[in-house]
Every structure is written in structure tokens, then in C-alpha cells.
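Some notes on the structure that comes next.
The values are calculated or read from the model by the stated rules, or taken from the named source; none is laboratory data. Keep in mind that this is a model prediction, so the values were computed, not measured. Here the Cβ is made from the backbone with ideal geometry for all residues, glycine too, and neighbour counts use every protein chain on show.
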Amino acid sequence: MKNRLSNAQGLTLALVVITAHNLIGNLWLTSSLYVPANLFTAGLLALIARASGLSSAMLGLDRAHLARGLRWGLSAFGIVALCIGVAVAIPGTRGVFDDARVGDVGWQGMLYQVLIRIPVGTAFFEEFIFRGVLFAFYRRHGSDLTAATWSSMWFGLWHVVPGWTAVTANDTIGDVAGHGPARVAAVFGGVIATWLVGYVFCWLRVRGEHLISPILLHTATNSLAFLAAFVVNGALGS
């Protein structure tokens, strides 16, 4: 069947949807709509990908490579868990996890964040966008490096608005960044760092040959960091 959208048309439409979702999601949607809104947008992007002729294998969702993807992903998960555990244990690095956003969530809120909101609403959603849909669009007519560069660039820009909020929420980062130009520099630095991290996710996507690999790494990075912040803030508050 002939594709209803060309690669360029599908990519452009996907970027419009992603940009609109980023702005609406960060500026207007309530927290309770975070997961359903992200899954809805993922569905739209899946339809765009299908209309553009991207197969499940191109998106990193081929069941034939699931076992390999799990092996790579679980290995990455373990490494991140070890690093975060060491960082929490060392007083000099523990302050990085002093995030005011986790101060009053409670145990139920923490479990929701660590087991549902982050793995489904953040890790799966963002990996499907950047290492699934966008990576596949750019990889279709370019190299893996080209696809990684462009998809990671968009991944970095995706964090501009939430990065601005995070500078305020984390006392340790906020004390360093301050306000005005310093704060802009902190957000810009976060975008560059996220862009570079995108290469790691793309590398894992290629090595694992499945999207589950970067999903597990992304889940470990965010969920375990949130759990660490929950523990650290509980210790600081006691």
C-alpha cells in the first residue's frame, strides 16, 4: 500500500505534534492529565508513523529483538542503580537529590511516580518519540549518527521549559544558577547535556535493537533519581 505521507511530510507533522504537546503539557495541563495526555500523543505519533510507512521494526518495537533489548536495558538499569546508590551514600553528592518537588508526595505519591508516571508517562513516551519515531524518520534516509544527532537535538530542546522549572525546584542547583543570565545559562547547559545524553540512549537503542533498552535506562535514570530524592528529603526533614 502506498504511503499516505512522505518521509518529509511525516517528520514535519510529527515535529508539529511534539512541539504543541510540549508547550501545552508544560504550561497548561494539570498533573493528573500527564500520563493520559502523553499516551494520547503517542497514539497520534504512531498513526503518523504508520501513515509514513514506518514499520514496528523501524520504530524499535520488533518482538524478535525484545530479548536482546531486555538484556541491554537491564544491564544499563543496574549500572544506573549502582551509581545513584553511591551518590546518595556520599554526603558531598547527596544534595543533588534535594528536590523540593518530592517533599510532600507521600508514599502513595512516590509509588505512583516511580512505578507509573515516570516509566509510562515519561520514559516510554519520550523514548517512543525520540528513539522511536524521530530516530526512524531520520534514519530512513541517513546514517545512525545522523539520526542520533537530530533526534537528540530535539530531545535537548524538549527540556527547555521543564528545565527552567527544575532550576527553581532544586535548591542546590538554584543556589548556583540564581536568576537572569545565570539561570538562562543553567537551562542552556541542561539542554546541551540532555542532547549529549540522547546519543547514549540512541546508542543503546541500536545496540539492543529494541526500544525497551533505552526505555529501561530512562526509567532507571528518572525513577531511581526520584526515589533517591524521596529518601534524601525524608532524611533531611527528620
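Search the range 195-238 for residues being of a type outside the set (A, V, I, L, M) and outside any helix (DSSP H, G or I), and hand back the single one that is farthest from residue 62 (Cα to Cα).
Taking the candidates together, the pick is 238.
For the range 78-116, give me the residue count where each residue is among the charged types (D, E, K, R), in contact (Cβ under 8 Å) with a residue 12 or more places away in the chain and out of contact with any Asp or Glu (no Cβ under 7 Å at 6 or more places or on another chain). Give the steps one after another, and end with the answer.
Step one: of the range 78-116, the residues among the charged types (D, E, K, R) are 94, 98-99, 101, 104.
Adding the requirement that they be in contact (Cβ under 8 Å) with a residue 12 or more places away in the chain leaves 94, 98-99, 101.
Narrowing the set further to residues that are out of contact with any Asp or Glu (no Cβ under 7 Å at 6 or more places or on another chain) leaves 94, 99, 101.
Residues in the range 78-116 being among the charged types (D, E, K, R), in contact (Cβ under 8 Å) with a residue 12 or more places away in the chain and out of contact with any Asp or Glu (no Cβ under 7 Å at 6 or more places or on another chain): 3 in total.
Each row is one residue, and each column tells you yes or no for (1) at pLDDT 95 or above; (2) out of contact with any Asp or Glu (no Cβ under 8 Å at 6 or more places or on another chain); (3) of a type in the set (Val, Ile, Thr).
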| residue | (1), (2), (3) |
| --- | --- |
| 28 | no, yes, no |
| 33 | yes, yes, no |
| 37 | yes, yes, no |
| 44 | yes, yes, no |
| 52 | yes, yes, no |
| 56 | yes, no, no |
| 59 | yes, yes, no |
| 68 | yes, no, no |
| 76 | yes, yes, no |
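Every residue, every condition in (1) among the aliphatic types (A, V, I, L, M); (2) over 19 Å from the mean Cα position of the chain (by Cα), yes or no:
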{"site": "29", "(1), (2)": "yes, no"}
{"site": "32", "(1), (2)": "no, no"}
{"site": "36", "(1), (2)": "no, no"}
{"site": "55", "(1), (2)": "no, yes"}
{"site": "84", "(1), (2)": "yes, no"}
{"site": "104", "(1), (2)": "no, yes"}
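Of all the criteria given as (1) surrounded by 15 or more Cβ atoms within 10 Å (Cβ to Cβ); (2) out of contact with any His (no Cβ under 6 Å at 6 or more places or on another chain), the one not satisfied by residue 210 is (2). Close Cβ contacts (under 9 Å, 6 or more residues apart or on different chains) running from residues in the range 185-212 that are closer than 25 Å to residue 69 by Cα to residues that are of a type in the set (Asp, Glu) and outside any helix (DSSP H, G or I) comprise 209/62; 210/62.
Here's the yes/no breakdown for (1) within 23 Å of residue 138 (Cα to Cα); (2) surrounded by fewer than 16 Cβ atoms within 10 Å (Cβ to Cβ); (3) touching a Phe, Trp or Tyr at 6+ places or on another chain (Cβ under 6 Å):
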| site | (1), (2), (3) |
| --- | --- |
| 21 | yes, no, no |
| 33 | no, yes, no |
| 39 | yes, yes, no |
| 47 | yes, yes, no |
| 52 | yes, no, no |
| 55 | yes, yes, no |
| 63 | yes, yes, no |
| 69 | yes, no, no |
| 85 | no, yes, no |
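Listed here are the residues, each with its yes/no results for (1) part of a helix (DSSP H, G or I); (2) closer than 21 Å to residue 221 by Cβ; (3) at pLDDT 80 or above; (4) out of contact with any strand residue (DSSP E or B) (no Cβ under 8 Å at 6 or more places or on another chain).
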| site | (1), (2), (3), (4) |
| --- | --- |
| 145 | yes, no, yes, yes |
| 151 | yes, yes, yes, yes |
| 157 | yes, yes, yes, yes |
| 162 | yes, yes, yes, yes |
| 173 | yes, yes, no, yes |
| 179 | no, no, no, yes |
| 189 | yes, yes, yes, yes |
| 193 | yes, yes, yes, yes |
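Those helices (runs of 4 or more DSSP H) of the range 1-107 in which at least 3 residues are touching a helix residue (DSSP H, G or I) at 6+ places or on another chain (Cβ under 7 Å) and more than 17 Å from residue 129 (Cβ to Cβ), considering only elements entirely within it, cover 66-89. In the range 91-149, of all residues being within 18 Å of residue 45 (Cβ to Cβ) and of a type in the set (Gly, Ala, Ser), the one that is surrounded by the most Cβ atoms within 10 Å (Cβ to Cβ) corresponds to 132.
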